[in-house]
1. Suppose the filter is surrounded by 11 or more Cβ atoms within 10 Å (Cβ to Cβ) and over 16 Å from P49 (Cα atoms); does D116 pass it?
2. May I ask you to verify whether K83 is modelled with pLDDT under 95, exposed (fewer than 15 other Cβ atoms within 10 Å of the Cβ) and assigned to a strand (DSSP E or B)?
3. May I ask you to list the residues in segment 60-113 that are free of Cβ contacts under 8 Å to residues at least 12 places away in the same chain and at positive phi?
4. Sort out which residues of segment 76-128 are basic (K, R), under 22 Å from N63 (Cα atoms) and in contact with a Ser or Thr (Cβ under 9 Å, 6 or more places away or on another chain), and write them in order of number.
5. Inside segment 86-118, can you point out the residues that are among the acidic types (D, E) and either within 15 Å of the chain's Cα centre (by Cα) or modelled with pLDDT of 95 or more (or both)?
6. Look through V65, V76, V47 and report the one residue that is more than 16 Å from L126 (Cβ to Cβ) and of a type in the set (V, I, T).
7. In segment 97-116, how many are among the acidic types (D, E) and within 15 Å of Y84 (Cα to Cα)?
8. Those residues that are of a type in the set (V, I, T) and at pLDDT 85 or above, I need them from segment 29-75; list them, please.
Amino acid sequence: MKKQIILISLSLIILGCKEKNKTRESVIIHEEKKQNEDKENVRSYNVSPEALTGAWFKEKGSNAVFDISYDSIFYVDNLKSYKYQIIADTIKIDFDGWISKSLILKVTTDSLLLMDLEDRSITYLLRDFKSGE
């Protein structure tokens, strides 16, 4: 009788583990499908350098973070300019051999929303019309 109880208990444990693995596998498959759907729903667009030119600030009344011209970005804190390139909706900045890539999520006449493609951090900036353009 004890052997039967032990066998039944072990059988239930094994079946429970199999169901748990099936659930985990279905969650992983669902997440992969959702990621693929998200990629399909993302619209890519072209951003012109003209749309980005000017001084950009973290908040009104603060010092500029950088000033974008047609061929370079001047970082105020570093007092240095760096070359950049826009490919569709991505800006690549060459920091003396280290390349930073950011997705341009949104650009308007007075705001810029970027997502760093390495760490996925989001940066929201405001444009100052007095010093730019």
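The values are calculated or read from the model by the stated rules, or taken from the named source; none is laboratory data. Source: prediction; values computed, not measured. Here the Cβ is made from the backbone with ideal geometry for all residues, glycine too, and neighbour counts use every protein chain on show.
1. Judged against the criteria, D116 is a match.
2. Criteria not met by K83.
3. Residues satisfying the conditions are G61, L79, G97.
4. Answer for segment 76-128, where residues must be basic (K, R), under 22 Å from N63 (Cα atoms) and in contact with a Ser or Thr (Cβ under 9 Å, 6 or more places away or on another chain): K83, R127.
5. D89, D94, D116, E118
6. After ruling out the rest, the residue left standing is V47.
7. Of the residues in that region, 1 qualify.
8. Listed by number, the residues that qualify are V47, T53, V65, I68, I73.
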